[in-house]
1. If I ask for residues that are crowded, with 16+ Cβ neighbours inside 10 Å and aliphatic (A, V, I, L, M), which ones from region 79-123 would you list?
2. Looking at this structure, is Leu19 touching a Gly at 6+ places or on another chain (Cβ under 9 Å), aliphatic (A, V, I, L, M) and closer than 20 Å to Ala189 by Cα?
3. Looking at region 76-96 only, could you name the residues that are without any contact (Cβ under 8 Å) to a residue 60 or more places away in the chain and within 13 Å of the chain's Cα centre (by Cα)?
4. If Pro40 passes every condition in (1) part of a helix (DSSP H, G or I); (2) modelled with pLDDT of 95 or more; (3) surrounded by fewer than 14 Cβ atoms within 10 Å (Cβ to Cβ) but one, which one does it miss?
5. Got a sec? Which of Val99, Val73 is in contact (Cβ under 8 Å) with a residue 60 or more places away in the chain and either among the aliphatic types (A, V, I, L, M) or part of a helix (DSSP H, G or I) (or both)?
6. Within region 60-78, which residues are more than 18 Å from Thr129 (Cβ to Cβ) and crowded, with 19+ Cβ neighbours inside 10 Å?
7. Those residues that are closer than 19 Å to Glu17 by Cβ and not acidic (Asp, Glu), I need them from region 64-92; list them, please.
Amino acid sequence: MRLMNSGVRRATDDDAEGLSALVADALLTSRLSAWLVSDPIERPRVVRRYAQLVVAQGLAQGMVDTTDDLAGVAVWYSRLVPPPPSAAWMYDLHRMLGVHAARFGLLHAYVDAVHPYTAHHYLAHLAVTPGRRQTGVGAALLARHHRLLDAEQLPSYAEVSTDRPREGLLAGLGYEPRSPILLQPGGPALWRMWRQPVRPGQPDEAGGDGLPRRVRVQRTAMPFRGAVRLAAAPRSP
């Protein structure tokens, strides 16, 4: 694979508009967007507003990496300890998305409920310009952050909507699939992906990720038992 030439750097507020468009375009091409917004006419507008919100959130509270030409974006969050529930996130969803906020809120609530409970960094969003997906942009974006995680011996976690979790960019970079979140009614599976930090002189090791068991998402049911509970309010992404 030919690696991209543009440098990877930390994004700033000046990049927000371009990166929001990148996140929205990536989400609109996924099956997840149809589950989030069933109306195909309303879908582009709602998804673009959501993308503006998650990029703004990432810039304010996370770590956002991009390239000099804005060909890709990766939004990371440090999860050294579980973040407290945030009513502000639900307020922002309703403010930005109106009647469509409920399905987005459901997604975030259930994703939060099965998040790993061990210290890690969370890759919340990854998007690459379609014409640049074969030039190594995504791999370069993640390699920068992976080097930091390996130095600190911290794992990383992501979710992907795919039928082949052992293929694709994340799998090629050492992420192993764990049990999926099954979005219902009629939604796609979100595969939980876990990457152990690389130890010098040692192969990658799987396991010990603290991931709760497989979860089937219902709109009206709470399928969790034991130690796993749905938070009173969803945390930010």
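The values are calculated or read from the model by the stated rules, or taken from the named source; none is laboratory data. Here the structure is a predicted model, which means the values were calculated and not measured. Positions of Cβ are backbone-derived with ideal geometry, glycine not excepted, and every protein chain shown enters the neighbour counts.
1. Passing the criteria: Met90, Leu93, Met96, Leu97, Ala101, Leu106, Leu107, Ala109, Val111, Ala113, Val114, Leu123.
2. no
3. Passing the criteria: only Ser78.
4. Of everything listed in (1) part of a helix (DSSP H, G or I); (2) modelled with pLDDT of 95 or more; (3) surrounded by fewer than 14 Cβ atoms within 10 Å (Cβ to Cβ), Pro40 misses just condition (1).
5. Val73
6. Gly62, Trp76, Tyr77
7. Val64, Thr66, Thr67, Leu70, Ala71, Gly72, Val73, Ala74, Val75
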